[in-house]
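Notes for the one structure printed next.
The values are calculated or read from the model by the stated rules, or taken from the named source; none is laboratory data. What you see is a predicted model; the values in this text were computed from it and never measured. Quick reminder, even Gly has a Cβ in these numbers, built from the backbone with ideal geometry, and neighbours come from all protein chains shown. Heavy atoms of the whole protein, side chains included, go into the accessibility calculation; ligands, DNA and RNA do not. Shrake-Rupley method; radii C 1.70, N 1.55, O 1.52, S 1.80 Å.
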Number of protein chains: 2
Amino acid sequence: MDLLKQKINSEGTVLSEHVLKVDSFINHQIDPALMVEIGKEFAKRFKDNQITKVLTIESSGIAPGLMAALELSVPVIFARKRKSLTLVNDVLTSTVHSFTKNETNEISVSSKFINSTDNVLIIDDFLANGQAALGLADLVQQAGANVAGIGIVIEKSFQQGRQLLNEKGYRVESLARIQSLENGKVTFSEEVGATL
Amino acid sequence: MDLLKQKINSEGTVLSEHVLKVDSFINHQIDPALMVEIGKEFAKRFKDNQITKVLTIESSGIAPGLMAALELSVPVIFARKRKSLTLVNDVLTSTVHSFTKNETNEISVSSKFINSTDNVLIIDDFLANGQAALGLADLVQQAGANVAGIGIVIEKSFQQGRQLLNEKGYRVESLARIQSLENGKVTFSEEVGATL
């Protein structure tokens, strides 16, 4: 997705060989017009898949998940990272370890919003080690529903997430695939001839 | 906002005299089309106020904040409830106590996204005791910026938040104002002749 890659080039900051900061337009400050285009691109890629629900995870997944759901004309559900006092009954839970934040969270969704007839598109802002996506897929499967695919805004292709998800048979669609953050520079997959 | 009130009447659940559950369309599962209309209504009410930024708080504020920002053609920033490892320098922080969740959180925004020339619209999903809105207003003031107003999706008018914010001189625009949740029933302010 060219618009997204341009934005990453112009506003993203490479903090280390593993960390790309995009907090000026994706996950702290958000560019709403860009997010509309991100939603449209996800919808385009999954338009023939009879998606019935979008599932994402708080907090950074909400904006892209909402915009994808808007374009697909389906509801979006965001998994919570811990239970709230008004969300205690009938919840599905899974566990996600974040290597970036070095913490393990229980994630949960109310079971009433996903059922066995659902065909669920999972959306998240980043794909690194794949743990969040796997946790979300686990919730979908606990509900007896189908994972139609996984849509990612920015994939760090040099980490293991993509491979892990593909090995489990999931279709992964990433709008920007980053091959490397070496030498303080963002190199997208296409530029080094990687298979898309 | 009639569409929102209809949705509250048809899908909201009164859990107690103080708790209204709207997790099927606002704060767990989200209805994207309704959220677009919520954004349009906020934009309409603040269209003459030269808003430069929308500020909201994770997680439930992100959807209405994003849609308001989209309609106003400005960026939205969501305050985080605790610091992340990639967001440690140059942060403004404040403290918010949630009576619903019975916990106190530090909220923070990166100082680089709000400056003294900004005219900020604060958006949140619920107004109850006003603590989140006051914390967000505190962040705006620490940045030397102006609070143009506070937009709320659902106001529980029987709690002290609205009065507290008005006493501090803030303009508050709530799309649905709930006078009472007594007897398991949602009564909107208009129905009991309250001043809007």
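For A:Arg45, work out the one condition from (1) more than 14 Å from A:Gly151 (Cα to Cα); (2) within 15 Å of the chain's Cα centre (by Cα); (3) surrounded by fewer than 21 Cβ atoms within 10 Å (Cβ to Cβ) it doesn't fulfil.
That leaves (1) as the condition not met.
Looking at the stretch B:20-31 only, could you name the residues that are surrounded by 22 or more Cβ atoms within 10 Å (Cβ to Cβ) and in contact with a helix residue (DSSP H, G or I) (Cβ under 6 Å, 6 or more places away or on another chain)?
The answer is B:Gln29, B:Ile30.
Taking the stretch A:1-48 as the region of interest, how many residues are more than 25 Å from A:Leu181 (Cα to Cα), more than 10 Å from chain B (Cβ to nearest Cβ) and assigned to a helix (DSSP H, G or I)?
Counting residues in the stretch A:1-48 that are more than 25 Å from A:Leu181 (Cα to Cα), more than 10 Å from chain B (Cβ to nearest Cβ) and assigned to a helix (DSSP H, G or I) gives 4.
Do we have A:Leu55 as touching a residue at least 60 places away in the same chain (Cβ under 8 Å) and surrounded by 20 or more Cβ atoms within 10 Å (Cβ to Cβ) here?
yes
What is the residue count in the stretch B:133-158 for residues that are within 8 Å of the chain's Cα centre (by Cα) and open to solvent by 20 Å² or more (accessible area, probe 1.4 Å)?
Result for the stretch B:133-158: 0.
Before we move on, is B:Val14 in contact (Cβ under 8 Å) with a residue 24 or more places away in the chain and within 16 Å of the chain's Cα centre (by Cα)?
No: the conditions fail for B:Val14.
Among the residues in the stretch A:138-147, are any in contact with a helix residue (DSSP H, G or I) (Cβ under 8 Å, 6 or more places away or on another chain) and within 14 Å of chain B (Cβ to nearest Cβ)?
yes
Are any residues in the stretch A:55-107 more than 9 Å from chain B (Cβ to nearest Cβ) and among the β-branched types (Val, Ile, Thr), and if so, which ones?
A:Thr56, A:Ile57, A:Val88, A:Val91, A:Thr93, A:Thr95, A:Val96, A:Thr104, A:Ile107
Quick check: is even one residue across the stretch A:115-122 more than 16 Å from the chain's Cα centre (by Cα) and buried (at least 18 other Cβ atoms within 10 Å of the Cβ)?
Scanning the stretch A:115-122 turns up at least one residue that is more than 16 Å from the chain's Cα centre (by Cα) and buried (at least 18 other Cβ atoms within 10 Å of the Cβ).
I want to confirm something. Restricting to the stretch B:48-76 and keeping residues that are among the hydroxyl-bearing types (Ser, Thr, Tyr) and within 13 Å of the chain's Cα centre (by Cα), which single residue is nearest to B:Lys112 (Cα to Cα)?
Restricting attention to the stretch B:48-76, the residues satisfying the condition of being among the hydroxyl-bearing types (Ser, Thr, Tyr) are B:52, B:56, B:59-60, B:73.
Okay, now just the ones that are also within 13 Å of the chain's Cα centre (by Cα), so B:56, B:59-60.
Values: B:Thr56: 16, B:Ser59: 21, B:Ser60: 23 Å.
Residue satisfying both the conditions and the ranking: B:Thr56.
Considering only residues that are polar (S, T, N, Q) and open to solvent by less than 10 Å² (accessible area, probe 1.4 Å), look in the stretch A:96-114 and name the one that is nearest to the chain's Cα centre (by Cα).
Looking at the filtered set, the residue picked out is A:Ser108.
Being at pLDDT 95 or above and of a type in the set (S, T, N, Q): is that true of B:Ser98 here?
Taking the combined requirement at face value, the residue does not satisfy it.
Looking at B:Leu165, is it modelled with pLDDT of 95 or more, open to solvent by less than 40 Å² (accessible area, probe 1.4 Å), over 27 Å from A:Pro64 (Cα atoms) and not in a loop (DSSP other than H, G, I, E, B)?
Yes: the conditions hold for B:Leu165.
Residue by residue through the stretch B:100-115, note down the ones that are touching a Leu at 6+ places or on another chain (Cβ under 7 Å) and not β-branched (Val, Ile, Thr).
Result: B:Lys101, B:Ser108, B:Ser110, B:Ser111.
Residues B:Leu72, B:Leu34: which one is modelled with pLDDT of 95 or more, within 22 Å of A:Gly39 (Cα to Cα) and open to solvent by 30 Å² or more (accessible area, probe 1.4 Å)?
The conditions single out B:Leu72.
Quick one: in the stretch A:108-121, which of the residues that are part of a helix (DSSP H, G or I) and not hydrophobic (A, V, I, L, M, F, W, C) is farthest from the other protein chains (Cβ to nearest Cβ)? Steps first, please.
Let us first name the residues in the stretch A:108-121 that are part of a helix (DSSP H, G or I), namely A:111-113.
Retained after the next criterion (residues that are not hydrophobic (A, V, I, L, M, F, W, C)): A:111-112.
Numbers: A:Ser111: 12, A:Lys112: 8 Å.
Top of the filtered list is A:Ser111.
Does B:Ala33 count as more than 17 Å from A:Pro75 (Cα to Cα) and of a type in the set (Gly, Ala, Ser)?
So B:Ala33 fails the test.
Checking the condition in contact (Cβ under 8 Å) with a residue 60 or more places away in the chain and not acidic (Asp, Glu), which residue from B:Gln29, B:Gln6, B:Gln50 passes?
The match here is B:Gln50.
Only one of B:Phe46, B:Phe42 is over 18 Å from A:Phe25 (Cα atoms) and in contact with a Leu (Cβ under 6 Å, 6 or more places away or on another chain). Can you tell me which?
Among B:Phe46, B:Phe42, only B:Phe46 is over 18 Å from A:Phe25 (Cα atoms) and in contact with a Leu (Cβ under 6 Å, 6 or more places away or on another chain).
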